[in-house]
Amino acid sequence: MTPTESRNELLAAHIIRHLERRNMEAYYCPTAAEAAAKVSELIPDGASVTWGGSMTIRDMGIPAALKARETLDVMDRDMAASREEAQEIYLKAFRADYYLSSANAISEDGVIVNIDGTGNRVAAITFGPKHVIFVVGLNKVAQTTDAALARARSTASPINAARFDIQTPCHTDGVCHNCNSPECICNYIHFLRNSPRRRHTVILVGESGGY
């Protein structure tokens, strides 16, 4: 085991203890392939499943793996033919058995931080789907909740602004300006501290994923 692998295991175990204290089920997978397999293992045949705008979920090939299971009812907004059809999938997500997401950041004591432009992802994380599964690379770990928020705003948001090619100040210089730009994607800031009814599961991944 390399020093990095050893540290990752120790860090993941530390975070998992705090997540369990916050009434969340949690696992550690050293690789993205193991994390994708764990997601599939957690979703039973016959379940309905969808996901938010997570690049982590897509980069790991999780949507394709779930679609290959013909026993699942998969709702994929990426396949929508129009904005109206995508909006319908957003609304159906609230009735899904499983909703998949990543996180913009997570603190060492288990607070999960996400920032949204339209709010559909943080809304589903908060209420609706029976189960929410987060897939979070250890690259998104920050020491404190304040540091997690700073990571979400100063690292994840400018990269996503560049990905969407929108006209925000952070897209121009890579720095968060706490802006009120018309195209701002930092409109809804969400902190998940505890999981009512234990509906949230977190899979921590040793390999980096997403932004």
Practice problem: Kindly establish whether ALA64 is within 18 Å of the chain's Cα centre (by Cα), without any contact (Cβ under 8 Å) to a residue 24 or more places away in the chain, open to solvent by 20 Å² or more (accessible area, probe 1.4 Å) and over 19 Å from LYS140 (Cα atoms). | Solution: yes
Exercise. Go through segment 70-93 and count every residue that is closer than 26 Å to ALA148 by Cβ and of a type in the set (A, V, I, L, M, F, W, C).
Key: 1
Self-check item: Condition met for PHE134 (among the hydrophobic types (A, V, I, L, M, F, W, C), under 25 Å from VAL49 (Cβ atoms) and at pLDDT below 95)
Solution: no
Quiz prompt | Any pair with Cβ under 9 angstrom, 6 or more apart, that starts in segment 192-211 at a residue that is within 18 Å of SER40 (Cβ to Cβ) and ends at one that is among the small types (Gly, Ala, Ser) and part of a loop (DSSP other than H, G, I, E, B) | solution = THR201/SER195; VAL202/ALA103; VAL202/GLY110; GLY209/SER54; GLY209/SER102
Quiz prompt | Selected residue (criterion: nearest to ILE89 (Cα to Cα)) from residues of segment 44-65 that are in contact with a Leu (Cβ under 8 Å, 6 or more places away or on another chain) and hydroxyl-bearing (Ser, Thr, Tyr) | solution = THR50
Quiz item: Just for segment 40-60: of the residues that are open to solvent by less than 20 Å² (accessible area, probe 1.4 Å) and under 24 Å from GLY119 (Cβ atoms), which one is farthest from the chain's Cα centre (by Cα)?
Solution: SER48
Quiz item: Going through segment 73-89 one residue at a time, which ones are modelled with pLDDT of 90 or more and in contact with a Gly (Cβ under 9 Å, 6 or more places away or on another chain)?
Solution: ASP73
Quiz item: Taking GLU70, is it open to solvent by 40 Å² or more (accessible area, probe 1.4 Å) and at pLDDT 95 or above?
Solution: no
Practice problem: Would you please name the residue that is modelled with the lowest pLDDT, looking only at residues in segment 137-181 that are in contact with an Asp or Glu (Cβ under 6 Å, 6 or more places away or on another chain) and closer than 30 Å to ILE62 by Cα? | Solution: ILE166
Exercise. Kindly indicate whether ALA32 is surrounded by 15 or more Cβ atoms within 10 Å (Cβ to Cβ), over 30 Å from SER6 (Cα atoms) and either among the hydrophobic types (A, V, I, L, M, F, W, C) or touching a Lys or Arg at 6+ places or on another chain (Cβ under 7 Å) (or both).
Key: no
Quiz item: If we scan segment 139-162, do we find a residue that is acidic (Asp, Glu), under 23 Å from ARG22 (Cα atoms) and touching a residue at least 40 places away in the same chain (Cβ under 8 Å)?
Solution: no
Exercise. Tell me which residues, restricted to segment 73-82, are charged (D, E, K, R), part of a strand (DSSP E or B) and open to solvent by less than 50 Å² (accessible area, probe 1.4 Å).
Key: none
Practice problem: Could you tell me whether any residue of segment 83-101 is surrounded by 17 or more Cβ atoms within 10 Å (Cβ to Cβ), outside any strand (DSSP E or B) and among the acidic types (Asp, Glu)? | Solution: no
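The values are calculated or read from the model by the stated rules, or taken from the named source; none is laboratory data. Because the structure is a prediction, the values reported are computed rather than measured. With ideal geometry, Cβ positions are generated from the backbone for all residues, glycine too; neighbour counts draw on all protein chains shown. Remember, those area values only see protein heavy atoms, side chains included, never the ligands or the DNA or RNA. Shrake-Rupley method; radii C 1.70, N 1.55, O 1.52, S 1.80 Å.
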